[in-house]
Each structure stands twice: as structure tokens, then as C-alpha cells.
1. Given the criterion under 16 Å from Glu51 (Cα atoms), touching a residue at least 60 places away in the same chain (Cβ under 8 Å) and either open to solvent by 50 Å² or more (accessible area, probe 1.4 Å) or out of contact with any helix residue (DSSP H, G or I) (no Cβ under 8 Å at 6 or more places or on another chain) (or both), identify the matching residue among Arg110, Arg96, Arg105.
2. Which of the residues spanning the range 31-89 are under 20 Å from the mean Cα position of the chain (by Cα) and of a type in the set (Phe, Trp, Tyr)?
3. Which condition does Lys201 not pass, out of (1) at pLDDT below 95; (2) in contact with a strand residue (DSSP E or B) (Cβ under 6 Å, 6 or more places away or on another chain); (3) open to solvent by 70 Å² or more (accessible area, probe 1.4 Å), if it passes all the others?
4. Among the residues of the range 208-235, count how many are over 26 Å from the mean Cα position of the chain (by Cα) and open to solvent by less than 50 Å² (accessible area, probe 1.4 Å).
5. Out of the residues in the range 49-63 that are charged (D, E, K, R) and loosely packed, with under 15 Cβ neighbours inside 10 Å, which is nearest to Ala161 (Cα to Cα)?
6. Tell me yes or no: at least one residue of the range 64-86 is open to solvent by 70 Å² or more (accessible area, probe 1.4 Å), in contact with a Lys or Arg (Cβ under 7 Å, 6 or more places away or on another chain) and modelled with pLDDT of 85 or more.
7. Cβ-Cβ distance below 9 Å, separation of 6 or more or different chains: which pairs start in the range 23-39 with a residue that is within 20 Å of Cys88 (Cα to Cα) and end on one that is of a type in the set (D, E, K, R) and modelled with pLDDT of 90 or more?
Amino acid sequence: MTRLTAFRIAAAFAAWVAVVLPAQAQFSLAVSPPRFELSVKPGDRVGEVLELTHRDERAAAYRLKTADWTLRPDGSVDFSDELLPGSCRPWVAIERRELSITPGRPYRFRFQVTPPADTPPMECRFAVMIEGQQPTAAPGMPIALGARIGVIVYVAVGEVAPVLELAGTTVKTVDGRPTPVLKVRNTGNAHGRLAGFLGGKDADGTALELQAATTPVMAGETREVTLVATKPGDTETAVAIRYPLAVSGKLEWGRKGSMAIEQRFAP
């Protein structure tokens with residue numbers, strides 16, 4: 001099992017990935033979308049398309065395969081070539097395991113998931129792994145070697161849903177700054193994420209908006225979800241908090257779920 005830094009999933013249609021390697025080697029690929037959340041009935045088949053665009057000036061060769069993955073407490077991802085318990089990789093078919101991509105021409109890579117007809121309601125997950133192969137390089141040109149990225153896929157089989165609840169709060173140092181954190185428990189049978197904004201006031205009486213990180217909370221686990229403070233009307237710029245911080249409001253999860261928050265944070 002190898003550990004890779006978590007591929008940060010943004011709410012965007014494409015993600016440019018560049019992994020800097022020794023001797024100035026580089027692995028550049030546009031992946032769209034960076035995540036899939038699929039639903040399928042037992043015995044049915046669901047298919048999707050992953051668009052890959054090579055960014056370098058020369059054509060590039062890639063290897064593709066599936067892998068299992070787990071999310072660590074620090075947000076990094078462990079990818080595993082071995083089948084993990086509850087893996088849905090035996091149900092996954094990918095169109096090919098090697099391909100060459102011409103610069104400027106996106107390749108539409110297809111995969112399918114077909115759970116057996118007797119599969120009980122469950123959520124499983126896997127990753128489509130993309131690995132750069134070493135090309136023939138001109139003198140002085142960098143080569144792609146040993147770099148991989150993983151595109152995350154969730155598969156909901158049958159009727160499944162998260163059930164999120166607040167299990168506690170704390171303040172932790174994140175990127176050198178004390179940060180309010182929600183401890184969120186998921187008692188459902190699918191992953192969930194919090195969405196929305198909370199209102200807050202710091203020790204100076206300054207009005208703030210707080211947005212929950214889009215960290216997935218897997219079924220059966222409790223995970224820490226940070227709150228990022230911004231000024232009302234400016235959700236792009238994080239601001240420092242003067243504690244204690246009073247927070248109230250409601251966060252949404254799933255199709256109809258919500259979580260009322262009325263908390264006071266102090267380091």
C-alpha cells in the first residue's frame with residue numbers, strides 16, 4: 001500500500017495536475033471531472049467518461065488501472081492495489097490499460113460499474129489511477145517518471161444515504177492558525193458532506209461567516225471538519241479569528257438533511 005498526498009477535490013469542471021519530480025521531471029495532465037458520484041441499481045450497469053488532456057508539447061503514454069483507497073484523518077489518501085473489504089473493483093471495467101494522448105486533443109476514457117443483482121444497499125468506492133510512462137526524450141528534455149494521480153469514484157448501490165450529526169467541537173491549529181473544528185459522526189450507509197454558511201461573532205463583536213470544509217465523512221466514521229471564517233460578502237478571503245467565537249446557524253447535508261449549530265469556540 002502506498003501513501004499519496006490527497007488529491008484536493010475542487011468544485012470545478014477540470015483540474016490541472018502537475019507533480020514535480022527529481023531532475024525537473026514533470027507530470028502534467030488535465031482531468032475532468034476530478035470526482036464521480038454514481039448511483040446504480042443492483043444488476044444494472046452505469047458508465048461514465050473521464051476526459052484526459054495532456055499538457056506537454058509532445059504526445060505522452062499513460063497506464064491506467066483501478067485501486068482501492070481510504071481517507072486518513074489528516075485528509076491524505078492511501079491507495080491500495082489489494083482489494084479492501086467491501087471493494088467494488090471486481091464490478092468495474094475500464095476500456096483499456098494503456099493509451100497515448102496527443103497534446104491539445106482530449107481523450108475520453110470510459111469505465112463501467114455493474115454490481116451483481118443480489119448486492120444489498122451499500123456505497124463502495126474506488127479510484128481510476130493514471131500513471132505516466134517514460135517517453136523517448138530529446139537531450140535536455142524532462143521526462144515523466146513515477147508520477148500518479150487518482151480520480152475518486154463513489155458508487156451508491158440501491159437506496160443509501162448519509163446521516164450526519166454533531167459529535168463535538170474543538171479548536172485546532174491548522175496552517176499555523178487556531179481554527180474552529182466540528183466533529184461530525186456519520187451513522188448512515190453512504191458518505192456525506194456539509195454545505196452552507198454559519199453566522200459568527202468574535203471577541204471584538206465582528207460579524208463573520210463560517211463555511212464548513214467539503215471534507216467527506218465516510219459511513220460509520222467520525223471526522224473533524226474545519227470551519228473557515230470570512231467577512232460577510234467576501235467568501236474568498238479567510239480572516240483571522242479573535243476568540244472566543246460564537247457560531248450559530250444551519251448546515252445542509254445529503255438531499256434533505258440539515259444540522260443546527262449553536263456553539264462557542266475558545267482555544
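The values are calculated or read from the model by the stated rules, or taken from the named source; none is laboratory data. If you're wondering where the values come from, they're calculated on a predicted model, not measured in any experiment. Quick reminder, even Gly has a Cβ in these numbers, built from the backbone with ideal geometry, and neighbours come from all protein chains shown. Note: areas computed on protein heavy atoms with side chains; ligands, DNA, RNA excluded. Shrake-Rupley method; radii C 1.70, N 1.55, O 1.52, S 1.80 Å.
1. Values: Arg96 fails: touching a residue at least 60 places away in the same chain (Cβ under 8 Å); Arg105 fails: touching a residue at least 60 places away in the same chain (Cβ under 8 Å).
Only one candidate passes the filter, namely Arg110.
2. Listed by number, the residues that qualify are Phe36, Trp69, Phe79.
3. (1)
4. 1
5. Of all residues in the range 49-63, those charged (D, E, K, R) come to 51, 55-58, 63.
Then keep just the ones that are loosely packed, with under 15 Cβ neighbours inside 10 Å; that gives 51, 57-58, 63.
Details: Glu51: 28, Glu57: 44, Arg58: 45, Arg63: 34 Å.
Result: Glu51.
6. First pass over the range 64-86, keeping only residues open to solvent by 70 Å² or more (accessible area, probe 1.4 Å): 72-74, 81-83, 85.
Narrowing further to those that are in contact with a Lys or Arg (Cβ under 7 Å, 6 or more places away or on another chain): 83.
Among the residues that remain, those that are also modelled with pLDDT of 85 or more are: 83.
Yes.
7. Pairs found: Phe36/Glu48; Leu38/Glu48.
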